[in-house]
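Novice: Pasting in a structure now, in structure tokens, and then I'll have a few things to ask.
The values are calculated or read from the model by the stated rules, or taken from the named source; none is laboratory data. This structure is a prediction, so every number in the text was calculated from the model and none was measured. Here the Cβ positions follow ideal geometry from the backbone for every residue, glycine too, while neighbour counts run over all protein chains shown. Note: areas computed on protein heavy atoms with side chains; ligands, DNA, RNA excluded. Shrake-Rupley method; radii C 1.70, N 1.55, O 1.52, S 1.80 Å.
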Amino acid sequence: LYLGLMVLVDLRCPADADLRHALLIAGLAFLSLAVPLYFETHAIAMVWAVEAVVLAALGVRYRHALVQAAAGAVLALAIGELVVELPLHAGPFRPIVNAAFGAWCFVAAAALAGHVLYRVDRRCDAEVRRGAAQGAYAAGLLLLLTALGLELWSHEHLNRPAEEQSFFLRQMTLVVAPFLLLFAARPVGPRGRLCRALATALAILGATLLVFVYRDLRHAASTIFLHGGFTRSLVLLAAVFATAWLLRRSEQKREDNQAWSGPVALTGVVALWLVLTEEIWSWALVTPWFF
């Protein structure tokens, strides 16, 4: 009924944009409330994500701040629905190809689609457009990273409980690496401080955690440097150094007034030194002739 009234107002009173937008928000609000009453768990989040993208497109098209705020609120509802339904799996499952993981990826894709809307549109206020693009891009990548982490954790504990317990750690070193580059690389990511700050935080956190879990990655490998754990660690550390270089390039172009690259590079150097030390020490323990 509200959406029908919106169409009627558009035909009879085309100059009254405020009334048209108010009716649109009211209709979509009732639609949002109706979704949980009809759809199943994961479908709720997906429908809300689609609704958020539609609202964002309308808000950007008509430059209406209230509609854009409603899009952010609906996307937050979709993310909240995913969080409420954790854990991701309750028993053995098919990795990757399952409804729970698909729902997380779908909402992440919706957030990234919203980011694209703000990146390509030039009619909105520059500050609003930059902030919305950064927030949507960061939300999409963080959702996707979280989904992959939860999927790998569940696979290790539910699908292979009797096998060695470092599967999650070994795979996450490879998963985190590309996300560092996606946060730091320009023009892949939007201009602004949020993505640079997240790239810095994720790089420092990833390198620090690598130092603490490296012993679990190595196991009892007898050949120094020639095993999967060390190779995976080098991939992550290479991504940390690449992130520092990308951040430094942004600083040189005056895209960000904060010096993010220094702490990232220093953390990478210290982490590399500690990983090499741990690798040599662990190999020496199982090589009696070394001493």
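Novice: Want the number for VAL116 to ILE224: 0.36 nm per residue separation, take away the alpha-carbon distance, what's left?
Specialist: Between VAL116 and ILE224, full extension yields an extra 34.3 nm.
Novice: Could you give the dipole magnitude of region 133-262 about its Cα centre, charging the beta-carbon of Lys and Arg +1 and that of Asp and Glu -1, in debye to the nearest 20? Present the calculation step by step, with values, prior to reporting the outcome.
Specialist: Values: 13 positive and 8 negative charges, 114 e Å.
The dipole magnitude comes to about 540 debye.
Novice: Right, something else. For region 224-236, just list the computed ³J(HN,Hα) in residue order, Karplus coefficients 6.51, -1.76 and 1.60, θ = phi - 60°, integers in Hz, with x standing in for Gly and Pro.
Specialist: 5, 6, 9, 7, x, x, 5, 4, 4, 5, 5, 4, 5
Novice: Now a separate question. Taking only Cα atoms, what is the 0 to 90° angle, nearest 10, from helix 126-154's long axis to the longest principal axis of the chain?
Specialist: In the chain, helix 126-154 runs at an angle near 50 degrees to the longest axis.
Novice: Using r as the Cβ-Cβ distance of VAL235 and VAL54, and R0 as 45 Å, what FRET efficiency do you calculate, to the nearest 0.05?
Specialist: That pair, VAL235 with VAL54, gives E of 0.70.
Novice: On to the next question. Run the numbers for VAL128 and ALA69: contour at 0.36 nm per residue of separation, minus the present Cα-Cα distance, in nm. Provide the component values of the computation, followed by the final result.
Specialist: Values: separation 59, 0.36 × 59 = 21.24 nm, distance 1.09 nm.
Working it through step by step, the gained length comes to 20.1 nm.
Novice: Let me ask something additional. Below 8 Å between Cα atoms, with a sequence gap of 6+, how large is the relative contact order for region 22-92 in percent?
Specialist: After rounding, I find 31 percent.
Novice: Evaluate the distance, in nm, between pseudo-label points positioned 7 Å from the Cα of TRP245 and of ARG191 along their respective Cα→Cβ axes.
Specialist: Computed distance between label sites TRP245 and ARG191 equals 2.4 nm.
Novice: Exposed loop GluC sites (Glu not before Pro) only (DSSP loop, at most 16 other Cβ atoms within 10 Å): please give the longest stretch of the chain free of them, not including the sites.
Specialist: Working: sites that count: GLU40, GLU85, GLU163, GLU164, GLU255.
That gives 165-254 as the longest site-free run.
Novice: Give me the distance in nm between label points sitting 7 Å out from Cα along the Cα-to-Cβ direction at VAL84 and TYR62, one decimal.
Specialist: The answer from the label model is 2.8 nm.
Novice: Okay, next question. Averaging sequence separations of C-alpha pairs under 8 Å and six or more residues apart, then dividing by the length of region 126-209, give the relative contact order as a whole percent.
Specialist: Reported as a whole number, the value is 38 percent.
Novice: Treating the angle as unsigned and between 0 and 90°, give the value, to the nearest 10°, between the Cα long axis of helix 2-12 and the longest Cα principal axis of the chain.
Specialist: Orientation of helix 2-12: about 50 degrees from the principal axis.
Novice: Over the chain, with every protein chain in place, what whole percent of the accessible area is carbon and sulfur at 1.4 Å, could you tell me?
Specialist: On the way: 10560 of 15240 Å².
After summing per-atom areas, the C and S share lands at 69 percent.
Novice: Here's something else I'd like to know. For the chain, take the longest principal axis of its alpha carbons; what is the angle in degrees between that and the long axis of helix 17-38, to the nearest 10 within 0 to 90?
Specialist: Result, in degrees: 60.
Novice: Same structure again: At 7 Å along the Cα-to-beta-carbon direction for both CYS13 and ARG254, put a label point, then send me their distance in nm to one decimal.
Specialist: Taking the two extended label points, one gets 4.9 nm.
Novice: Counting only C-alpha contacts under 8 Å and six or more residues apart, can you give the relative contact order of the chain as a whole percent?
Specialist: 13 percent
Novice: Also, I was wondering about something else. Name the residue from VAL211, ALA43, ALA103 whose Cα lies farthest towards the positive end of the charge dipole of the chain, charges +1 on Cβ of Lys and Arg and -1 on Cβ of Asp and Glu.
Specialist: The listed residue farthest towards the positive side: VAL211.
Novice: What does the helix-only formula give at 222 nm for the chain: each DSSP H stretch with n ≥ 4 adding -39500 (n - 2.57), the total divided by the residues, and the result rounded to the nearest 500 deg cm²/dmol?
Specialist: Calculated at 222 nm, the ellipticity per residue is -26500 deg cm²/dmol.
Novice: Could you give the length gained on full extension between LEU209 and TYR2, defined as 0.36 nm per residue of separation minus the Cα-Cα distance, in nm?
Specialist: Contour length minus Cα-Cα distance gives 69.3 nm.
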